[in-house]
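Visitor: Submitted below is the structure of interest, expressed as structure tokens.
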Amino acid sequence: MDIFAEFRDTVLAALDTMDLPDGLKTAGVSAEPPRDASHGDVASNVAMVIAKQAGVKPRDLAEGLAAKLSDDPRIEAVEVAGPGFLNMRLSREFWQSRVAEALRAGDAYGRSDMGAGKTMNVEYVSANPTGPLHVGHTRGAVFGDALASLLEFAGYTVTREYYINDGGSQVDTLARSAFARYQQAHGQDVEIAEGLYPGDYMRPIGEKMKAEFGDRFLDMPEEQWLPEVRPFATDAMMDLIRADLASLGVVMDVFFSEKSLYGTGLIEKAIGELDAKGLIYTGVLEPPKGKKPDDWEPREQTLFKSTEYGDDVDRPIKKSNGDWTYFAPDIAYHYDKLQRADELINVFGADHSGYIKRMKAACMALGDGTDRLDIKITQLVRLMKGGEELKMSKRSGTFVTLAELIEEVGSDVVRFVMLTRKNDASFDFDFDKALEQSKDNPVFYVQYAHARVCSLLRRARDEAGLTVPDDATLADADLSRLTHEADLALITKLVEWPRQMRLAAESHEPHRVAFYLYDLASTFHSLWNRGNADLSLRFVKDDDEAETLARLALARACALTISNGLRILGVTPMQEMR
């Protein structure tokens, strides 16, 4: 359990026993770690939030609460600081008991019911089906997948979704690129025309077309073969993308085709919903950014009043020739998603940041006016090797692919390292550091902590001759033997896990998981290394089975917490490392 949520409830319960007016608003009351660790273990602003409502001085209210809380056996001391902040110092016995709680919870340690089963749709990657996934897509894939797992850990019912952009002109370009490779597969000397996709990844698609269709298309005019080649090439490219995602450990629940929006009435229905709310009109937009380009001329268009929901300008949904703009099917797609989920998250690349306001406006207008869509941007990634930026790819000719990245360092490294920066911060992926076996390589450092515990348990069994019990039995160890400041520092870090997961899920920030795991691993390694010089801190003691079991319980609680966190990130908890 999140001890800070637990002590917030304790503070509010103490407040209820005081002679105060009814109906006090407590939403702003918090219990959290103090900024200065010397001030205690839990700090609360309760008196500052409640005093004015209750008609009392904050410090007087805080002192009354302190008197009541001091009777709680979990609390060693309560102090009133400044104008009325409550600082609580928890008992050693309370901290020790948290180890047992973690062991008894096992894989559920840190889980919460924050989401209360609400449905959450997380759309990520959604790359155009015109080539293999590149390193930029990789960051979005890693972030989106870890976020989906984090939300599941927090009690949401999550759908992982990929939107296939197969309704635009780029799919025609893909089909023509595949046809050129089809001709080459038949031995024809065909150059890849400018504007087509030149990468070698197109060659297998041409070979597949030859195997599927023989020479049937060779003498056909384009208007005859294009309708058949277009879906074939798209499906072949999506097979490649699915394989790339699978190599990264990403499996989507839904692949939604843009083409499925056309001819079904869904676009018309979504726009009709907006029209019924008075949000569709015919008008003329101002020149872009207040400037008039030489080729700009005013023309009437069908517009969506997105400015009523925070956008900078109203947005066209239909061109002057009657065709839908690219924004119309996107509105329809999100209209469909809003029918399927309580909340939506879109993970966009940096080049889509200008799209945020219009899409959020559309979702608010289609819903009940509440903000049910969160859009996360993943910034650019630079690949570094030998101190220089790496740009070229053997496979694509222009960019480094996801498959090449994984082949170089492995999926675990890619996923963890990609999450060591906040998603909207630019990021340098250094191949050399990613493969180091040192503290500077975060994935190695965290996996090594888990492997060390596994090794420790094996050694306790094989060398010390102990029958190492399961987690439930370890939870019954005499944890009062864990008295050293280094033990308590590790326990304190261990106990932060549920709160950190709540904060990460609330903010939609899975990088917090990676940060926490690194800190926990660092604290564990520090205790381990201190045991090299101080025999009293060693985990296995041949002459003291009771303390050995207590220390094994602490180590195992750390390992299961690391394991829980790594699974959220999609990284393997290693049993041993060479």
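Visitor: Taking a ≥ b ≥ c as the square roots of the Cα gyration tensor eigenvalues, with a/c under 1.5 meaning rounded and otherwise prolate when a/b beats b/c, else oblate, which class fits segment 191-268?
Guide: Cα axes put segment 191-268 in the oblate bin.
Visitor: While we're looking at this one, here's another question. Roughly speaking, what is the stretch gain from Leu226 to Leu503, that is 0.36 nm per residue apart minus the C-alpha to C-alpha distance, in nm to one decimal?
Guide: Here the segment from Leu226 to Leu503 would lengthen by 94.7 nm.
Visitor: So what is the diffusion coefficient of segment 1-104 in µm² per second by Stokes-Einstein at 10 °C and 1.306 mPa s, using a Kirkwood Rh over Cα pairs?
Guide: 114
Visitor: Averaged over all directions, how much area does the convex hull of the C-alpha atoms of segment 322-367 cover when projected, in nm²?
Guide: Quarter of the Cα hull surface area: 3.7 nm².
Visitor: Under a Cβ-only charge scheme (Lys and Arg +1, Asp and Glu -1), can you give me the dipole magnitude of segment 1-140 about the Cα centre, in debye to the nearest 20?
Guide: 420
Visitor: Label segment 76-215 by shape, choosing from rounded, prolate and oblate, from the square roots a ≥ b ≥ c of the eigenvalues of the Cα gyration tensor; if a/c is under 1.5 it is rounded, and otherwise prolate applies when a/b is larger than b/c, oblate when it is not.
Guide: Prolate.
Visitor: Carbon and sulfur: what percent of segment 161-311's accessible surface (1.4 Å probe)?
Guide: 46
Visitor: Give me the accessible area per residue for segment 231-333, probe 1.4 Å, as a whole number in Å².
Guide: Result: 54 Å² per residue.
Visitor: Let me ask another. Given the convex hull over the Cα atoms of segment 142-260, what projected area results after averaging over all orientations, in nm²?
Guide: 8.8
Visitor: Please give the direction-averaged projected area of the C-alpha convex hull for segment 300-416, in square nanometres with one decimal.
Guide: Dividing the Cα hull surface by four gives the mean projection, 11.0 nm².
Visitor: Sort Trp95, Trp497, Trp528 by accessible area with a 1.4 Å probe, largest first.
Guide: From most accessible down to least: Trp528, Trp95, Trp497.
Visitor: With Rg and Dmax of the Cα atoms in Å defined as stated, name the option among [x] 23.9, 73; [y] 29.2, 92; [z] 27.2, 94 computed from the structure displayed.
Guide: [y]
Visitor: A further question follows. What's log10 of I(q)/I(0) for segment 383-512 at q = 0.12, 0.17 Å⁻¹, Debye sum over Cα points only, no solvent?
Guide: Ignoring solvent entirely, the Cα scatterers give -0.72, -1.10.
Visitor: Report, in whole Å, the centroid distance computed from the Cα atoms of segment 61-85 and segment 531-546.
Guide: Their Cα centres are 38 Å away from one another.
Visitor: So if each residue of separation counts as 0.36 nm, and I subtract the Cα-Cα distance between Ser353 and Lys25, what length gain in nm does that give?
Guide: Extra length available between Ser353 and Lys25 comes to 114.3 nm.
Visitor: Give the residues of segment 100-114 whose amide nitrogen is closer than 16 Å to a point set 7 Å from the Cα of Thr370 in the direction of its Cβ.
Guide: 114
Visitor: May I ask for the Rg/Rh ratio of segment 438-486, computed from Cα atoms with Rh as the Kirkwood radius, given to two decimals?
Guide: On the Cα set of segment 438-486, Rg over Rh gives 1.07.
Visitor: How high is the FRET efficiency between Glu300 and Asp219 when r is their beta carbon distance and R₀ equals 51 Å, given to the nearest 0.05?
Guide: Once rounded, the FRET efficiency stands at 0.65.
Visitor: What does the charge dipole of the chain about its Cα centre add up to, to the nearest 20 debye, if the Cβ of each Lys and Arg holds +1 and the Cβ of each Asp and Glu holds -1?
Guide: 480
Visitor: Here's another thing I want to ask about it. By its C-alpha gyration tensor, with a ≥ b ≥ c as the square roots of the eigenvalues, how is segment 220-346 shaped: rounded for a/c under 1.5, else prolate for a/b larger than b/c, else oblate?
Guide: Judged from the Cα gyration tensor, segment 220-346 comes out prolate (a/c at least 1.5, a/b above b/c).
Visitor: Say each of His484 and Ser38 gets a label point 7 Å from the Cα, pointing the same way as Cα to Cβ; how far apart are those two points in nm?
Guide: About 2.5 nm, to one decimal.
Visitor: Follow-up. Which residues in segment 491-511 place their backbone N less than 15 Å from a point set 7 Å from the Cα of Asp424 along the Cα-to-Cβ direction?
Guide: From segment 491-511, the list is 507-511.
Visitor: How many percent of the accessible area of segment 1-55 is carbon or sulfur, using a 1.4 Å probe?
Guide: Ligands and nucleic acids excluded, carbon and sulfur reach 50 percent.
The values are calculated or read from the model by the stated rules, or taken from the named source; none is laboratory data. Here the structure is a predicted model, which is why all the values come from computation and not from measurement. Because the Cβ atoms are built from the backbone with ideal geometry, glycine has one as well, and the counts that use them run over all protein chains shown. Ligands, DNA and RNA are excluded from the accessible area calculation, which covers all protein heavy atoms including side chains. Shrake-Rupley method; radii C 1.70, N 1.55, O 1.52, S 1.80 Å.
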